[in-house]
Structure formats: structure tokens, C-alpha cells
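Working notes for the structure below.
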Amino acid sequence: MIAAIDPGNRRTKYAGLQQRPFVFPSAIGVNDLARNLKRETGPYDFEWEYEGKCGFAGTLALEESEYVESRKDDSKAHFDAKLRTLIALHRFGAGHEFDIVVGQPIETHTEAEKTTIKRMYVGRHDLTINGQRKVITINRCEVSPEGAAAGLLVAPNTGMIRVIDIGSGSVNFATIIDRKFNNRGSWTFTEGMESKRDLQPAAFARQIASKAINRKWASTDKVYLVGGGALELYPFLQEYLQHAQLIDDDPCTANVRAFLMIARRVYG
Ligand SMILES: Nc1ncnc2c1ncn2[C@@H]1O[C@H](COP(=O)(O)OP(=O)(O)OP(=O)(O)O)[C@@H](O)[C@H]1O
Ligand SMILES: [Mg+2]
């Protein structure tokens with residue numbers, strides 16, 4: 001089965017064939033298995049056991065974990081991202097064998113990091129969620145650049161397209177020229193909607209736009225906004241980038257829907 005996962009710093013997005021994307025909190029708590037009070041279980045309440053560790057994840061971690069954290073990192077080559085991805089495959093993936101596409105920030109989308117991520121995923125994973133054991137085998141894994149991939153959703157995408165992916169822990173700036181990623185015009189700013197002590201949307205929008213203009217993006221360029229921060233920031237961004245617009249009505253899942261497009265192409 002083909003699947004796409006964007007294990008974001010704040011929210012994990014999953015897209016499979018013939019399904020609408022699923023979005024759940026990326027929060028994880030370790031060693032939280034003392035759950036004496038039975039509570040109603042929601043669709044994103046996860047009790048997990050994996051590689052000798054256990055804990056809560058998703059909404060259950062947010063509400064009940066003593067040590068909850070959502071790791072906000074510049075790379076997604078780490079245990080928390082792996083666990084988010086595997087939880088998504090366990091809960092929403094049909095079958096036990098997968099070919100996946102996952103995301104990585106543009107700045108760390110290097111050969112070395114990609115190899116580490118592929119090694120992390122390819123193979124057999126024995127994961128128990130809410131008492132249900134599932135052995136997941138990942139046969140193939142591709143790593144796609146966040147933000148840049150979302151450019152694939154724009155049609156027709158001839159000429160130059162800019163994408164800004166405003167996440168919780170990072171902002172990806174991407175340039176695509178005639179459907180090819182342009183390295184020089186693409187990079188990551190490693191602060192996002194949750195990196196500030198007190199987020200001021202207008203000020204953050206100015207900071208983001210200034211970073212683009214400093215790198216010679218023109219204020220008249222066609223800019224598509226994706227990521228969970230896009231909705232809140234786009235009116236402010238338009239002050240500096242006149243043609244900035246939301247990529248579509250669900251910018252939050254844009255990356256993962258693009259990863260699924262890539263998965264279809266690569267895995268056939
Ligand atoms: N319903 C919501 N739940 C959570 N965050 C929301 C919601 N609506 C808007 N947001 C905003 O979206 C941000 C998360 O965006 P997004 O899901 O794109 O981040 P992410 O992909 O998890 O992070 P990153 O790209 O840094 O890994 C939050 O920080 C918040 O500012
Ligand atoms: Mg993201």
C-alpha cells in the first residue's frame with residue numbers, strides 16, 4: 001500500500017489512497033502508562049508500545065501525559081518523528097506493508113539526512129496502539145522537501161512558482177521553476193508559529209516576507225501559502241507580497257497531499 005506522511009512538529013498529517021487526509025497532534029509522552037481512570041477514547045487518543053518504550057500520543061498525550069512534548073526540530077530524523085509516522089500507518093494505513101513518502105525541511109533535505117531517514121523507516125516495526133499489535137513493514141521510503149513538494153498541487157505550474165510553508169517550528173521557502181525545484185531560491189527559516197514567546201502575526205508575517213525579499217524574491221511574485229500558519233498570516237503577508245494566496249482551502253494538508261502525488265508517481 002502507498003502512503004504519505006508529514007510528521008510535523010505540531011501536527012501529523014497522513015494521506016492514503018481513496019481516503020481524506022487525517023490530521024492528529026504530534027504530541028508524545030513517554031512512560032505514561034498508569035491510566036487508572038477510564039476515559040472516553042477519542043479517535044486520536046493513542047497509548048503506544050514500541051521498541052521497549054511506552055507512553056501516550058496524540059490527544060491523549062496532550063490531555064493526560066505528565067511529560068508531554070512535541071519535539072520541534074530542524075530535521076525529522078529522530079525517534080519522535082518515526083513514532084508519529086508509525087502511529088499514522090498503524091491507525092489509518094490499510095494492510096501491513098507500505099511504500100511511503102515522508103517530509104523533511106528543505107534546509108536539511110540533504111543526501112546524508114535522507115539516507116538516515118530511509119534507514120530509520122525501511123524494515124519491520126512491531127507497534128502496539130491501544131492494545132492492538134500490528135507489525136508494519138516498510139519496503140520503500142522516499143523523502144520529499146516540505147513546502148517545495150506542495151508546488152506540485154499548483155496547476156498549470158509552468159514558469160516560476162514560490163511556496164511558503166508556515167509550520168509550527170519552521171518556515172520553508174521554496175522556488176519551483178518549470179516544475180523543477182530551484183535550490184538557490186529555497187531554504188528553511190528554523191522558527192515557526194510556536195517558536196516565539198508571544199506570537200504577533202503581523203510582525204511574524206513581516207519577518208517572513210523580509211526574509212523572502214532579502215533573497216531577491218520580488219513583491220510581485222506569485223506566492224502560494226501552505227502550512228497551518230498560512231490562514232492566520234496571509235492577510236499580513238499580502239502587505240509585502242502582493243500576490244500571496246492560500247494554495248487551496250486546506251493549506252495544512254497541502255504537503256502531505258503532494259507527497260501522495262509523488263508516491264503515486266514513484267511507486268506506480
Ligand atoms: N486547529 C489547529 N490545530 C493546531 N494548530 C493550528 C490549528 N489551526 C491553525 N494552527 C496553526 O498551525 C500551526 C501548525 O501548522 P502545521 O501543522 O503546518 O505545522 P507542522 O507541520 O506540524 O510544523 P513543522 O512544519 O514546523 O514541522 C500551529 O502552530 C498553529 O499556529
Ligand atoms: Mg509542516
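The numbers here are math on the coordinates, done by the rules we state, and not lab data. Bear in mind the structure is a predicted one, so any value in this text is a computation, not a measurement. Every residue, glycine as well, gets a Cβ built from its backbone with ideal geometry; the counts of neighbours run over all protein chains shown.
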Would you give the gap between the C-alpha center of segment 240-268 and the C-alpha center of segment 145-209, rounded to a whole Å?
11 Å
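Please report, largest first and rounded to whole Å, the three semi-axes of the ellipsoid equivalent to segment 149-248, where each semi-axis is the square root of five times an eigenvalue of the C-alpha gyration tensor.
After diagonalising the Cα gyration tensor, the semi-axes are 21, 13, 13 Å.
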Extension gain from Thr220 to Ala94, taking 0.36 nm per residue of separation minus the Cα-Cα distance
41.0 nm
Taking neighbour Cβ counts within 10 Å as the exposure measure, how do Phe259, Phe181 sort from fewest upward?
Phe181, Phe259
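What does the charge count near Tyr121 come to, summing +1 for each Lys or Arg and -1 for each Asp or Glu among other residues with Cβ under 15 Å from its Cβ?
Taking every other residue near Tyr121 into account, the sum is 0.
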Arrange Cys54, Cys252 by Cβ neighbour counts within 10 Å, fewest through most, would you?
Cys54, Cys252
Give the relative contact order (percent, whole number) for the chain; include only Cα pairs under 8 Å separated by 6+ residues.
19 percent
Using a 10 Å cut-off around each Cβ, can you sort Tyr240, Tyr14 from fewest to most neighbouring Cβ atoms?
Tyr240, Tyr14
With runs of 4+ DSSP H residues as the only contributors, calculate the mean residue ellipticity of the chain at 222 nm using -39,500 (n - 2.57) per run, divided by the residue total and rounded to the nearest 500.
-7500 deg cm²/dmol
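Counting pairs of alpha carbon atoms under 8 Å apart in space and at least six apart in sequence, what relative contact order in percent does segment 149-248 give?
RCO, segment 149-248: 28 percent.
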Please work out how much length the chain gains when fully extended from Glu66 to Ala155, using 0.36 nm per residue of separation minus the C-alpha to C-alpha distance, in nm with one decimal.
27.5 nm
Note on the chain: the mean projected area of its alpha-carbon convex hull, in nm², is 14.2 nm²
How much net charge surrounds His109 when only other residues with a Cβ under 15 Å from its Cβ are counted (Lys, Arg +1; Asp, Glu -1)?
-4
Computed E for Thr128/Arg264 - FRET, C-beta separation, R0 30 angstrom, nearest 0.05:
0.50
Report the full-extension gain for the segment Arg20 to Ile177: residue separation times 0.36 nm, less the Cα-Cα distance, to one decimal in nm.
53.6 nm
To the nearest 0.05, how large is the calculated FRET efficiency for Lys53 and Gln242 if R₀ is 51 Å and r is the Cβ-Cβ distance?
0.55
Surrounding charge for Ala203, neighbours by C-beta under 14 angstrom, Lys/Arg +1, Asp/Glu -1, total 0
